[in-house]
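These notes are about the structure you will find just below.
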Amino acid sequence: MTVTSFLNKKLCLSFLIILSLAGAIHAQQNKNSFWNNVRFGGGLGLSFGDGFFGGTIAPSAIYEFDNAFAMGLGLNATFNNEKSIYKSTILGGSLIGLFNVINEVQLSAEFEQLHVNRRYDVNINLDDDKYWSPALFLGIGYRNGNVTFGIRYDVLYDADKSIYIDPWAPFVRFYF
């Protein structure tokens with residue numbers, strides 16, 4: 001591990017701790033009922049190609065401490081199948097923290113832990129894979145009402161183990 005990589009990880013962990021503490025302080029000051037501040041959202045994904053199918057369902061919920069801070073949990077279930085090559089099942093969860101700098105600009109930190117189970121076809125000489133894949137995304141987005149469009153970067157990206165092809169990923173986030 002390089003010094004730069006170590007410092008990046010420490011910086012990200014510090015950011016998550018500060019975000020969590022700020023959210024807890026705001027929760028103590030908030031007098032509204034719990035359920036009035038809960039928002040639900042998530043994502044659905046489908047991919048089709050020549051002999052390929054991929055599907056994802058990823059529900060999530062956040063608690064808005066106030067207009068600036070929110071934290072929440074998410075689940076992820078993904079199934080991929082490439083005919084005569086492999087099948088994979090990916091299951092896991094995430095913790096997310098959101099901070100609205102101003103109403104239109106949202107910063108996010110999301111830790112995701114996924115269990116990958118990949119089974120290769122018998123015609124291919126590869127061993128099956130079963131492993132955990134962590135990701136820590138730091139993102140920025142443009143927020144308009146219940147929708148945020150943006151980009152995020154995985155600071156824990158590992159080209160050999162990540163389920164994502166690149167550490168950079170665009171996102172669209174909905175909460176109602």
Worksheet item: Each residue of segment 53-67 in turn: what ³J(HN,Hα) in whole Hz from Karplus with 6.51, -1.76, 1.60 and θ = phi - 60°, glycine and Pro shown as x?
Response: 9, x, x, 9, 10, 9, x, 8, 9, 10, 10, 8, 5, 6, 5
Worksheet item: If packing is taken as the mean number of other Cβ atoms within 10 Å per residue, what is the order of 106-115, 142-151, highest first?
Response: 106-115, 142-151
Worksheet item: Residue by residue through segment 84-98, which ³J(HN,Hα) values in whole Hz follow from phi under the Karplus form 6.51 cos²θ - 1.76 cosθ + 1.60 (θ = phi - 60°), with glycine and proline marked x?
Response: 6, 10, 7, 9, 9, 10, 10, 10, x, x, 8, 10, 10, x, 10
Worksheet item: Using the Karplus equation 6.51 cos²θ - 1.76 cosθ + 1.60 (θ = phi - 60°), what ³J(HN,Hα) coupling, rounded to whole Hz, does each residue of segment 42-48 give in order, writing x for Gly and Pro?
Response: x, x, 10, x, 9, 10, 10
Discussion item. Based on alpha-carbon centroids, what's the gap between segment 61-114 and segment 140-176 in Å, whole number please?
Written reply: 8
Item to complete: Report, in debye and to the nearest 20, how large the dipole of segment 57-176 comes out about its Cα centre when Lys and Arg carry +1 and Asp and Glu carry -1 on their Cβ.
Response: 240
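Coordinate-derived values only; no laboratory data. Everything numeric in this text was worked out from a predicted model, so none of it was measured. For neighbour counting, all protein chains shown are included, and Cβ atoms are generated from backbone atoms with ideal geometry for every residue, glycine included.
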